[in-house]
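Colleague: This is the structure I want to talk about, given as structure tokens.
The values are calculated or read from the model by the stated rules, or taken from the named source; none is laboratory data. What you see is a predicted model; the values in this text were computed from it and never measured. A quick note on method: Cβ atoms are made from the backbone with ideal geometry, for glycine too, and the neighbour counts reach across all protein chains shown. Only protein heavy atoms, including side chains, enter the accessible area calculation; ligands, DNA and RNA are left aside. Shrake-Rupley method; radii C 1.70, N 1.55, O 1.52, S 1.80 Å.
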Amino acid sequence: QVQLVESGGGLVQAGGSLRLSCAASGRTFSTYAMGWFRQAPGKEREFVAAISWGGTRTNYADSVKGRFTISRDNAKNTGYLQMDSLKPEDTAVYYCATYVGSQYSPTQRINSWGQGTQVTVSS
């Protein structure tokens, strides 16, 4: 199983940017699709973005499309989420995860979760 550790969260003003990182341990990281999720206070965890094992295919939630960019560097066992034009409604704990399988699909199961990193966007 892959262990995941997120970093890069913090406090930013609306319109600003943050880059989240997801460091993975284990040699199998590059074989899995990975994704980012978020959970705001009082709300359920929601999908944000996903990327295939090789980084050639990406998917985004409509709420972040055009503002967030998911990427990965398998040589560094690290995934990223570049967040631009941040809005107060993006405030949440952000989690990275790996999927069972090399490609993403909405029904694909998750096999590992990180502990989360807080992102707060002030208005």
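Colleague: Arg72 - would you say it is touching a strand residue (DSSP E or B) at 6+ places or on another chain (Cβ under 9 Å), within 14 Å of Thr120 (Cα to Cα), charged (D, E, K, R) and part of a strand (DSSP E or B)?
Modeller: For Arg72, the condition - touching a strand residue (DSSP E or B) at 6+ places or on another chain (Cβ under 9 Å), within 14 Å of Thr120 (Cα to Cα), charged (D, E, K, R) and part of a strand (DSSP E or B) - is not met.
Colleague: Let me ask something else. Output the residues belonging to the stretch 15-35 that are surrounded by fewer than 17 Cβ atoms within 10 Å (Cβ to Cβ) and in contact (Cβ under 8 Å) with a residue 60 or more places away in the chain.
Modeller: Gly15, Gly16, Ser17, Arg19, Thr31
Colleague: Kindly evaluate Arg38 against the criterion of being within 13 Å of the chain's Cα centre (by Cα) and either at positive phi or open to solvent by 50 Å² or more (accessible area, probe 1.4 Å) (or both).
Modeller: Considered against the rule, which asks whether it is within 13 Å of the chain's Cα centre (by Cα) and either at positive phi or open to solvent by 50 Å² or more (accessible area, probe 1.4 Å) (or both), Arg38 comes out as no.
Colleague: Restricting to the stretch 25-69, give me the number of residues that are assigned to a strand (DSSP E or B), of a type in the set (S, T, N, Q) and closer than 14 Å to Glu89 by Cα.
Modeller: 1
Colleague: For the stretch 45-65, which positions are basic (Lys, Arg) and either under 16 Å from Gly101 (Cα atoms) or open to solvent by 100 Å² or more (accessible area, probe 1.4 Å) (or both)?
Modeller: Matches in the stretch 45-65: Arg57, Lys65.
Colleague: Would you point out the residue of the stretch 84-123, among those that are under 11 Å from Met34 (Cβ atoms) and β-branched (Val, Ile, Thr), that is most open to solvent (accessible area, probe 1.4 Å)?
Modeller: Result: Ile110.
Colleague: Follow-up question, since we're still on this one. Quick one: is Pro88 at pLDDT below 95, out of contact with any Lys or Arg (no Cβ under 9 Å at 6 or more places or on another chain) and either within 17 Å of Val119 (Cα to Cα) or charged (D, E, K, R) (or both)?
Modeller: It is false that Pro88 is at pLDDT below 95, out of contact with any Lys or Arg (no Cβ under 9 Å at 6 or more places or on another chain) and either within 17 Å of Val119 (Cα to Cα) or charged (D, E, K, R) (or both).
Colleague: Sort through Ser30, Ser71 and tell me the only one that's closer than 21 Å to Ser7 by Cβ and either touching a Gly at 6+ places or on another chain (Cβ under 7 Å) or β-branched (Val, Ile, Thr) (or both).
Modeller: On inspection, the qualifying residue turns out to be Ser71.
Colleague: Just checking, how many residues over the stretch 75-104 are in a loop (DSSP other than H, G, I, E, B) and either closer than 19 Å to Val2 by Cβ or in contact with a Cys (Cβ under 8 Å, 6 or more places away or on another chain) (or both)?
Modeller: 6
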